[in-house]
Amino acid sequence: MKSTTRRSFLNLTAGTVAAHQIAPLSALAADSKDELPPLNRFPRMVHNYYLDQVIRAERRGLARKAALKTKADAEAYVSDVRIMVRSCFAPFPQKKSDLKARIVGTVERDTYRIEKLIFESRPGFLVTADVDVP
C-alpha cells in the first residue's frame, strides 16, 4: 500500500480542482438569502457577507477557467492553483516529524471496533481521528 504524503495530496487536490467543473454556489445562494424570517435586526449579516465573498471568488475562478484556450494556459492555471494551495498550508516543516500517534479510546461493535486516535500532523499540531478496524 502506497503512503499518501502531504505533497501528493496537494498535487492531487490542485489537479482535481483544475480538472472538474464545479457547480456554481451563486446559483444556490441567490435563492436562499431571504428564505428564513429575520430573528433580529441583522439576521444573517455576517453569513451574507462571507457568502458574497465566496460567490465573488467563485466567479473570478470560473471566469479564469473560461478564458483558458491553450494547453499552456491550462498548465499556468494549474501551477497558480498549486501555489495558492501551498501558501494556504505553508510553511511546511523542514524535516519529517514523528506522528506520536496514540490510541485514547476504543468502542467495541459486533463486527468491528472504533479506535479513537490523536496524532501530530506537524510538531505541536494535534489531529483527532476515528479508525474503524475489522
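Nothing in this text is a laboratory measurement; each read-out follows from the coordinates by a stated rule. On a predicted model such as this, the values are computed, not experimentally measured, just so you know. Ideal geometry is used to build each Cβ from the backbone, glycine not excepted, and the neighbour counts take in all protein chains shown.
Descriptive notes on the structure:
- Peptide ranges 102-114, 48-60 listed from the most packed, as the mean C-beta count within 10 angstrom indicates: 48-60, 102-114
- Separation in nanometres of the label points that stand 7 Å from Cα toward Cβ, at Ile114 and Ser97: 2.8 nm
- Seen from Glu58, the other residues with C-beta closer than 15 Å to its C-beta sum to a net charge of +4, counting Lys and Arg as +1 and Asp and Glu as -1.
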